[in-house]
Each structure stands twice: as C-alpha cells, then as structure tokens.
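One structure is given here, and the rest of the page talks about it.
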Amino acid sequence: MKIFDTKLAIIGAGISGVSCAITLLDNKFDDFYIFEANERIGGRCFTVPCEDGFLEMGAQFIHGQVGNPIYKIANENNLIPEIYQNIIAETDDPSKVNLVNDWNGVKIDEKLLNWAQFCLYKSYDLAREHSENEDKKNLGEFIYQNYIRLMREKLEPDFFNEPKNINLINSIYQWNFKWECMYNGCASMFDMSLIDFAKYQKLEGCQIIEFKNGYQSLFETLISVQRKKFDDRIKLNHELKNILICHKLKKYKIDKCEHCQFSDQENKIVLLFANDTVVLCDKVVCTMSLGYLKENFEKILKPNWFIPDEKKKAIKRMGFGTVNKIILIYDKPFWDENLEDIYPIWPTESTQKMFESLNHTNFDLPSRWSEDICTICPTLNQKNALIAWIAGNHYHESLTNDEIKRECTRVLRKFLARNDIPEPIDVLRSNWYSNKFFKGSYSFYAFDSDSDDIKQIAEPIHINKKNLVQFAGEATHENYYSTVHGAYLTGIREADRIIAELNNTSL
C-alpha cells in the first residue's frame, strides 16, 4: 500500500485537470497530485499517430476565435495553420465539393436542398428566441414543426400532394437532425430541452479550426513551462474507487467510520484507488466526465448523504451523449482531392416512420447503427483516411473491424453509386460509450433538465463553509458546456477558488 499525504488531489488529467494544475503551479501552489485512471493525459482529447500523420479520436476542432482561450494559446504558439491567425467568418471554399446524395447515389436537387437548409436554420433561430415562459417542449419536435411550416410557405402547394416529395423533405430533415445530434452530443433532438437550447454561447469566428499536430500539442504547450513540477505530480493508471469523508457524529453515537481506518484526522479526505494507493488530502477537485459521475459518483463518495439532493438530481437530469468516429484507412484515396464531405440522405417511408426512427433509443439493433452516420469526410492530417461521424448510436462499439469495414463499404457504394470502392485496409474507431472512465462524449441540456442544473453540478460540496469536493469539466460550464474551451476555463475557475481560500478571500 502506497500512501500520499497532500493538501489537494485532482482527479483526472483531461484539459480541466491540466488547466487547474498549471494555474496552481503558476500561482506558486504545488502541494497537490493529479491522479489519472488512464495511461495517458488528455481525457477526451486523444491524438494518435497514424502512418505519416495523426488522427484525432476525440476532440477535433477549436470552436470559435473571439474570446476563446484555446484559440489564443494555439495561435500564439503556432499550433494552427496560418489561415486561422486572423479572425475569419464561416465561408465555404469554392474549390471544395460536398456530395449530398440519396440512397441510390443520385444528387439531391440543389434548389430544394438550399430551401430546406434555409428553413432549418430559420427554425433554429426561432428555437433560440423561444421564451422560457412557454410550456416545456423538446427541441426536435419544435424544429420539425417550424421547418415544415416554412417549407410550405416557400414551395408550391402541389409539391406536398406527392408522397415522394414529403418523404424527400423528411429525409433532408432527418439528415440535419442527425448532424445536430452530433453537434450537441445527444442521441435524439427529442431528448433536448427547447427552453435551454439558447444557453450555449457560440463564439465568433471559425468553428472548425484543427491543430497542425493534434490536440496533444496543446497539452504539451500548456505543460512545457512547468514540465518538471507537472511530471512530478502526475500519477497515471490510478483508478479511483472511493472518496471517504469522516462522519463521526456524536449525536448519532458514531465514533468510528470507514474513513477512520486510514486516518485519525477528521479534516482529511481519504481517497482509495484500485491499485491500493491511499491518498490523504484536504480537498479534491473532480474533473471526471458527467457520464462517469452519472454511473459512479453516488457509489464512490462515502457516505453519499454528503452529496446534496439537488446535485444528485442535476447529475441525473443533465444529458450526456456519445459521438464517435469510425476512421477508414485505405491504400490510397479513391475520392476526389477536393472532396469536403459526403452527406448520406437516408430514405424515409413516411413521417410517422421517420419519427419512430429518430426517436429510437434501442441501440442493440444491428440494422440501424450505420443509419446514424451523418457525414463521411477526409481528414486534413491523414491523406488516405475517411472519417465517418456517428452520434448517439454506440452499437458499432461491440462490432469487429471486419463487420465495420463491410457495412461502411456498403454505405459508400450505395450513396456514391460506385461498386468499385474497395474495403479499407484498416479501421480505427473511438469507443467513448464503452470506456468506463467516460461513458460518452459530452453534455447537453436534456428535455427534463432544470435551467440551474449545470450550476448545481459545479457547486462544491462543503462542510462548515469549507469546500471539500470541487468540480470541473465541460459539464460544469453554463455557457460553453460540451467544448474544450469550456472545460479549460472550469479548471482555472476551481484553481482560482482554491487560491482565494488560501488567501482568505472570496470569489
């Protein structure tokens, strides 16, 4: 048994854990350790080498430039391409080609597609303006109702007399629905809260900035100035089992608790790890994913009646979904060098069938998993690879690589109407749902969430006005949840909270 005695323990070495640690070191506080369950730092930022390039298995982009601390660090340290060194708007590159095809490989009518996109964007604008005083509704239903209403205003009445036309505009909606599920990290937009949709704040500037050498270069840059001290404090392969808080209470005649087996100091927290490490500390910063908290937090913190009921409810109510990548690696590209995206517009039989499909929650159905692929696109950093993005459905995590190769090849051949497309020579895929340390990708406001749920999750657990257990991570930022920059800022927030306590000041 190895025992550490320290003032602070940070659980998790993702971006919020690292930003918390670096902020503390920059402020001359170094009496802490970081305990990471995995064998690497980075959390849901996970860059892997591949041939002469690299692939991002987790976070892919910097979202926005103005006011984004991740963009600022990346820009100042030459981590991103020169084109992004100035603030740029979302503009399409005219040389790039987007293939928006139906199941038979036929290109969707461009005029109809443009009308549909306009009506969808307008529907999202209406959703953001939705009054909090109105009845609670789900986002998916609201968007569809307004999309159809706006399409009827745009198109000739006779258009809607043909069932095939209705199925076509439903198919376009269905594709956009899946795209938004990927963007928001949910399984279905019917799971999302309409009232809270506008809480997310989109930062000005380009939303799809990629690193020249992957997100791992961001971590290397953050740590570089404090490398020696950081390396001395990071402990990998430490899976947390319990957080024990002393609860000897005279009024209940409890004079000894589980905590007391390891420490006779009531003001110390005891952390137990799967490798028999024991940590005695004054304070803990938990940076685990919301998916992990949902499944484990009430079991690992003992006694769990220290967790306020409102925090328990908030953790349960907030949404946490899965976005995965299936990376198909080929001997050489079979696609045009100007290809930007392949958008598969899956067929729908009827409005009712579409809603049944989009509202499905049974991810054990083999026939459905590939239908949740919303885009297939090249990647900047590996010329022989395509990335299939899939949201919500995690059935493929249980499949073999050969099964995935066959199904993805079938999909590509159908939507591109090309039987000569080869099977990939290799497949890499993320498995965020089945990874017990994450249980998904990122958070969203669910239909039954309360507006204050993120605030409740972020609130420290304290006794006698002393913060014992603090929380950081993307799911604890009220406006930038689901993003790397949101997670980064929450790590700094919790470090500032600790520094303020040390200085006997309040935040």
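Quick note: the coordinates plus some simple rules give every number you see, no bench work behind them. The model shown is predicted, which means the values in this text are computed figures rather than measured ones. When we count neighbours, we look across all protein chains shown, and the Cβ atoms used for this are built from the backbone with ideal geometry, even at glycine.
Data overview
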item: Net lengthening on full extension, V97/K436 (0.36 nm per residue, minus Cα-Cα); result: 118.2 nm
item: Entries of K111/K202; K311/K466; K107/K154; K313/K439; K199/K316; K164/K199 with Cα pairs more than 26 Å apart; result: K111/K202; K164/K199
item: Considering only the chain, percent of DSSP beta bridges that pair antiparallel, nearest 5; result: 65 percent
item: Environment charge of D450, counting only residues whose C-beta is closer than 10 Å and scoring Lys/Arg +1, Asp/Glu -1; result: -2
item: Helix-only mean residue ellipticity at 222 nm for the chain, each DSSP H run of n ≥ 4 adding -39500 (n - 2.57), per residue, nearest 500; result: -10000 deg cm²/dmol
item: 0 to 90° range, to nearest 10: angle between helix 401-416 axis and the chain longest Cα axis; result: 40 degrees
item: Candidate values (1) 370; (2) 149; (3) 167, label of the one derived for volume of the Cα convex hull per residue in Å³; result: (3)
item: Nearest-0.05 FRET efficiency for K465 and F61, computed from C-beta distance (R0 30 Å); result: 0.15
item: Rough spin-label spacing in nm, given labels placed 7 Å along Cα→Cβ, for A274 and I329; result: 2.6 nm
item: Gain upon complete extension [W179, R406; 0.36 nm per residue less C-alpha separation]; result: 79.4 nm
item: Taking F29, F54 and counting other C-beta atoms within 10 Å, the order from fewest to most; result: F29, F54
item: Other-chain or far-sequence residues with amide H under 5 Å of F444's (modelled H); result: G319, F320, G321
item: Label-to-label distance, nm, for residues given as Q207 and E162 (7 Å Cα→Cβ offset); result: 3.2 nm
item: Length-normalised contact order of the chain in % [C-alpha pairs under 8 Å, at least 6 apart]; result: 25 percent
item: Degrees between helix 110-128 axis and first principal axis of the chain (Cα, 0 to 90, nearest 10); result: 30 degrees
